[in-house]
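Asker: I'd like to ask you about the structure that follows.
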Amino acid sequence: MKGFDPTHHLRLQPSSPSSLSNGFLPQRQGVNNLKSVNFRPRSPSMLKLFSSSTVSRAHHLTPAIRPGASSVESPLFKALSHLTGLNRRSTSLGGRRVFFCSDNASDVAAAAAAEAEAKAAESDSDGADSKSSSAIVPTNPRPEDCLTVLALPVAHRPLFPGFYMPIYVKDPKVLAALQESRRRQAPYAGAFLLKDDPSTDSSSSTEMEKNINELKGKDLLKRLHEVGTLAQISSIQGDQVILVGHRRLRITEMVSEEPLTVKVDHLKDKPFDMDDDVIKATSFEVISTLRDVLKTSSLWRDHVQTYTQVLFSLHDKHKSQDIKHIGEFTYPRLADFGAAICGANRHQAQEVLEELDVHKRLRLTLELMKKEREISKIQETIAKAIEEKISGEQRRYLLNEQLKAIKKELGVETDDKSALSEKFKERIDPNKEKIPAHVLQVIEEELTKLQLLEASSSEFNVTRNYLDWLTILPWGNYSDENFDVVRAQQILDEDHYGLSDVKERILEFIAVGRLRGTSQGKIICLSGPPGVGKTSIGRSIARALNRKFFRFSVGGLADVAEIKGHRRTYVGAMPGKMVQCLKSVGTANPLVLIDEIDKVNILGHAGDPASALLELLDPEQNANFLDHYLDVTIDLSKVLFVCTANVIDMIPNPLLDRMEVISIAGYITDEKVHIARDYLEKTARGDCGIKPEQVEVSDAALLSLIENYCREAGVRNLQKQIEKIYRKIALKLVREGVVPEEPAVAVDAEEAEIVTKLDVESTENHVVEESPAPAAKEPKEEAQNEKKAVEKVMIDESNLADYVGKPVFHAEKIYEPTPVGVVMGLAWTSMGGSTLYIETTVVEEGEGKGCLNVTGQLGDVMKESAQIAHTVARKIMLEKEPENQFFANSKLHLHVPAGATPKDGPSAGCTMITSLLSLAMKKPVQKDLAMTGEVTLTGRILPIGGVKEKTIAARRSQVKTIIFPEANRRDFDELAENVKEGLDVHFVDDYKKIFDLAFVSDNKQQD
């Protein structure tokens, strides 16, 4: 029950653990069993009010009731009898002594006399047991005489008069003082509830006990509530002390700090009228509420039933005597009883303890009881809802099982295992001849295993999923390839402009397949900068070959299981990407595009995926590719693998060796114009819903867009800029009133006509401001004006900035012409080719000061090239002009802009030599000249890479003359004619030839 704390509930202790139900509450005894209750000390079924043998197992508040002299037929006694439904029956107590807490000395004396008589009567048989009993021993000092007591802190709930509570005392001094009090026949102490610690928010039991043990003296006094309970020390076992509440106390002052001793005042209830109707009504309402709670709460029912059993037993034993105290147990004790056994928190219970007005105390208890009743109702509602849900699910389950059994008997439906087996057999029967023998054997074994497994077992699901993957793969199913070279050429040209080397390689593959009559798997790697169409060309190849297409990216892949699959022993195991690919495409010869293969994580946390790709991309091994999940070999020799990479240097050499690399360099300006006009512009226009007759983009605008906004090697940024232009054109057309003939959203015809009319009129008024308003027009003329055609949007070089903003790039040609000491070089980047200048100047001249400093964020290789260039330049200068001591007496500074861009590589060697010689001879190099090539100390020119990219960069910078190493002549000859057109290219193998080309005579330069 929510809010109920069993550790502070009313209970009577049984004599042994065997009489406990659910570990906390006494077992209920029927009315007929009350006759057999034996209250002898050694009886296994006795109920003790205070027992030293059992109190150590419970931390509860238990009522301690004393016999009085009044009639047992009190209102409270009758109410409790009706609540629990018990009838009073005679019960033999067998001479058991029962003592109760008393509020006056006369009751204590009577109890003492009864105790003495009982001892004399039982001295022969139960002498030893009477010593071990922990019932309250009458004491010489009266409770009201105790004006100075030890202050004991109570952590969880206050102790109420008439109840007992076990506490643990960890302080040796306090424990010794309590034992000393018992020896002095004055076993009394004060039990005071501990206040909350304002410095902490923790309210756990561990923290509270820790705080109690740490508090001493005045600190402890500040944390105690003023009102507490005078408690009799019933027993002490180790550090456990049993306290029995007698009456209310109030702390007045502190006497000593260790142990904490205080002076107290005894508090009495305020006088009240026993016959007051309000008090009676309040008490009856408390009992009525208690009855309602007992109907739904078994915990409360057990407590009250056990409590009333003791009352009946006492009445049957002492029916000839005056049981005074039961008669006294009316309104004040009823309030304490309700507050003590309810699940209220410590602060609410303390409020009841501090209240001395009996009527107010009853009202507080009534409020707590009402809360308990509401909690019991909520608990009953929740329990009922859960029971209904569980009952409904069980009923549905039973009905479904019965339905399955009926259908199975009638032959209407088979069980799950039979249905699954039939489904798997239907998959493999059409292709049974094509399935490899070893795979077919595994499938049959797993089908047999499936029939032996229970459907509820976990192994059943694993086997079912395994069979699902084995039977769904396209064993031996190949798509019909198209070996028509002409058709393939047409499809490749439709999708991509240029890329002749890639297209030629695909056509070769098709031609070989046509001659052999069958195709074979290959591994092709397309290498190039971003945006050149590497990924999209894979789809075009699949369409040209009439193969299924599947793409997956391995960029950032760090788990081998993504390639090779997981073992079936793992929860949630899955096959690798290739098995998933075959299931997805449904054929055994698809085109698989492995994207970003240069970005695979080589040192992954779960293996090396790059090494796992070795088996997949090896034509000699992938015919028997083994997936960890399937655990059977798969033939991937018919699969055409196309990989893409930006930089092949990042690919491991063993993996690169298995692939045929086709480099895709950047597009030149002419190619970009064709791509933009034939592909990108059409796509953007269709995506924006614009008709061709509504927009016209001039060639000059496209050329300006490419040169000033999109200089990168690819066309991805060019596509974004073209889309941006058409989006702005679409917005302009909508603002001018141009809408489709059939709008996507249905609008009322009359409303649309009014809106169009207003837009046209507002446009006319804005354009013609000074013209007088014409006379009223006929309706036909207005309709004609509404259909007035909108002028075509023209995009040219003059208004291009209105759509795409200011130019991003400016001319790479910084100097026109190049001054002394400056030479243009050519460089390769991952984004394509670019031009860069080598600048050299004199810092200081003087005899013996010759040295060279380099800047421009140069790498180690480029710095070494500068040192080599300085040495070669001095050597050439001595040969050409022996009397010139420029390099020996000049401190030089060589810089390569831009300074924020990292640069490295050996291909700038000849450019650096030319720059140094130009400065030494004070002569500029030839106009529109660019060069590239690595130089040795002897002046030999070594080959370089990126010929196409560097050639494109030279054309973009309007370079007329290019100097390449002789070893790169073959690379240049393979370039397309449109790339080589208009260029004067020289191939050299020694720097002396570069010197002759760069420093021509003045007459030749003028010519």
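Asker: When the convex hull of the Cα atoms of region 416-472 is projected onto a plane and the area is averaged over all directions, what value comes out in nm²? Don't skip to the answer; put the middle values down first.
Answerer: Numbers: hull surface 13.9 nm².
Spelled out: convex hull of the Cα atoms, projected over all directions, averaged, 3.5 nm².
Asker: Here's another thing I want to ask about it. Mind ranking THR683, THR261 by accessible surface for me, highest first, 1.4 Å probe?
Answerer: On the way: THR683 70, THR261 25 Å².
Listed by decreasing accessible area, they come as THR683, THR261.
Asker: Beyond 15 Å, how much of the Cα-Cα pair distribution for region 669-736 remains, as a whole percent?
Answerer: Working: 1090 of 2278 pairs.
The share of Cα pairs beyond 15 Å in region 669-736 comes to 48 percent.
Asker: Can you give me the % of accessible surface on region 669-736 that is carbon or sulfur? Probe 1.4 Å, all protein chains present, nothing else counted. Intermediate results must be reported in sequence, preceding the final value.
Answerer: Working: 1590 of 3260 Å².
Its accessible area is 49 percent carbon and sulfur atoms.
Asker: Multiplying the sequence separation of ASP273 and MET794 by 0.36 nm and subtracting their Cα-Cα distance, what value in nm do you get? Don't skip to the end; give the middle numbers.
Answerer: Working: separation 521, 0.36 × 521 = 187.56 nm, distance 10.52 nm.
Roughly 177.0 nm would be gained on extension.
Asker: Further question: Express the carbon and sulfur contribution to the solvent-accessible surface of region 485-663 as a percent, rounded to the nearest whole number, probe 1.4 angstrom.
Answerer: Accessible surface attributable to carbon and sulfur in region 485-663 totals 50 percent.
Asker: Also: HN-Hα J couplings of region 470-475 from phi, Karplus 6.51/-1.76/1.60, θ = phi - 60°, integer Hz, Gly and Pro as x?
Answerer: Once rounded to whole Hz, the list reads 5, 7, 8, 6, x, 5.
Asker: Give me the accessible area per residue for region 669-736, probe 1.4 Å, as a whole number in Å².
Answerer: 48
Asker: Per residue, how many Å² of accessible area does region 416-472 show with a 1.4 Å probe?
Answerer: It amounts to 57 Å² per residue over region 416-472.
Asker: Hey, could you get me the Stokes-Einstein D for region 515-620, Kirkwood radius over alpha-carbon pairs, 25 °C and 0.890 mPa s, rounded to whole µm² s⁻¹? Write down the numbers at each step before the final one.
Answerer: Values: Rh = 15.2 Å.
Calculated translational D: 161 µm²/s.
Asker: Using a 1.4 Å probe and counting only protein heavy atoms, arrange ARG184, ARG539 so the residue with the most accessible area comes first.
Answerer: Working: ARG184 170, ARG539 140 Å².
Largest accessible area first, the residues go ARG184, ARG539.
Asker: Here is a follow-up. If I model a spin label as a point 7 Å beyond the Cα along the Cα-Cβ vector, how far apart are those points for ALA900 and ASN477 in nm?
Answerer: 5.6
Asker: List the pair-distance distribution P(r) of region 814-919, using every Cα-Cα distance, as the percent of pairs falling in each 10 Å bin from 0 up to the bin containing the longest distance, rounded to whole percents.
Answerer: 15, 49, 28, 7, 1
Asker: At R0 = 41 Å, how high is the FRET efficiency between ILE406 and LEU614 if r is their beta carbon distance? Nearest 0.05 is fine.
Answerer: Numbers: r = 58 Å, r/R0 = 1.41.
FRET efficiency, ILE406 to LEU614: 0.10.
Asker: Once you have the Cα-Cα distance between LYS720 and VAL661, take 0.36 nm times their residue separation minus that, and quote the gain in nm to one decimal. Walk me through the intermediate numbers first.
Answerer: Values: separation 59, 0.36 × 59 = 21.24 nm, distance 2.89 nm.
Between LYS720 and VAL661, full extension yields an extra 18.4 nm.
Asker: Continuing with this model, one more query. Based on the Kirkwood radius over alpha-carbon pairs, what value in µm²/s does the Stokes-Einstein equation return for the translational diffusion coefficient of region 564-656 at 20 °C and 1.002 mPa s?
Answerer: For the chosen part, D equals 152 µm²/s.
Asker: Could you work out the relative contact order of region 669-736? I mean the mean sequence separation of Cα pairs under 8 Å and 6+ apart, divided by the number of residues, in percent. Intermediate values should be presented prior to the final figure.
Answerer: Details: 35 pairs, mean separation 31.7, N = 68.
With pairs under 8 Å counted, the relative contact order is 47 percent.
Asker: Moving on to the next point. Counting heavy atoms of the protein chains only and a 1.4 Å probe, report the per residue accessible area for region 822-999 as a whole number of Å². Write out the running numbers ahead of the final one.
Answerer: Numbers: 7740 Å² over 178 residues.
I get 44 Å² per residue for region 822-999.
Asker: Compute the length gained on full extension between LYS849 and GLU696: take 0.36 nm times their separation in residues and subtract their Cα-Cα distance, giving the result in nm to one decimal. Let's see the in-between values first.
Answerer: Numbers: separation 153, 0.36 × 153 = 55.08 nm, distance 6.40 nm.
Additional length available on full extension: 48.7 nm.
Asker: For region 450-578, just run the numbers: alpha carbon Rg, then divide by 2.2 N^0.38 Å, N being how many residues it has.
Answerer: Values: Rg = 20.3 Å, N = 129, 2.2 N^0.38 = 13.9 Å.
Expressed relative to 2.2 N^0.38 Å, the Cα Rg reads 1.46.
Asker: With labels modelled as points extended 7 Å from the Cα through the Cβ direction, what inter-label distance (nm, one decimal) is found for LYS360 paired with GLU214?
Answerer: According to this spin-label approximation, the distance is 3.6 nm.
Asker: If you don't mind, there's one more thing I want to ask. Points 7 angstrom from Cα along the Cβ direction at THR871 and SER500: gap in nanometres?
Answerer: It is 4.3 nm.
Asker: Could you give each residue of region 953-960 its phi-based ³J(HN,Hα) in whole Hz, using Karplus coefficients 6.51, -1.76, 1.60 with θ = phi - 60°, and x for Gly or Pro?
Answerer: So the J values, rounded to whole Hz, are 5, 5, 5, 5, 8, 6, 7, 9.
Asker: Next question. Quick one: ranking LEU582, LEU626 by accessible area, 1.4 Å probe, largest first, what do you get?
Answerer: Details: LEU582 10, LEU626 60 Å².
Heavy-atom accessible area, descending, gives LEU626, LEU582.
Asker: At R0 = 22 Å, how high is the FRET efficiency between GLU422 and LEU399 if r is their beta carbon distance? Nearest 0.05 is fine. Working shown, then result.
Answerer: Numbers: r = 25 Å, r/R0 = 1.16.
After rounding, the FRET efficiency stands at 0.30.
Asker: How large is log10 of I(q)/I(0) for region 842-999 at q = 0.21 Å⁻¹ when the intensity is taken from the Debye formula with one equal scatterer per alpha-carbon?
Answerer: With no solvent term, the Cα-only Debye profile gives -1.45.
Asker: Carbon and sulfur: what percent of region 822-999's accessible surface (1.4 Å probe)? Don't skip to the end; give the middle numbers.
Answerer: On the way: 3870 of 7740 Å².
That share works out to 50 percent.
The values are calculated or read from the model by the stated rules, or taken from the named source; none is laboratory data. These numbers come from a predicted model, not from an experiment. Positions of Cβ are generated from backbone atoms using ideal geometry, with glycine treated the same way; all protein chains shown enter the neighbour counts. Accessible surface is based on the protein model in full, side chains and every heavy atom, while ligands, DNA and RNA are left aside. Shrake-Rupley method; radii C 1.70, N 1.55, O 1.52, S 1.80 Å.
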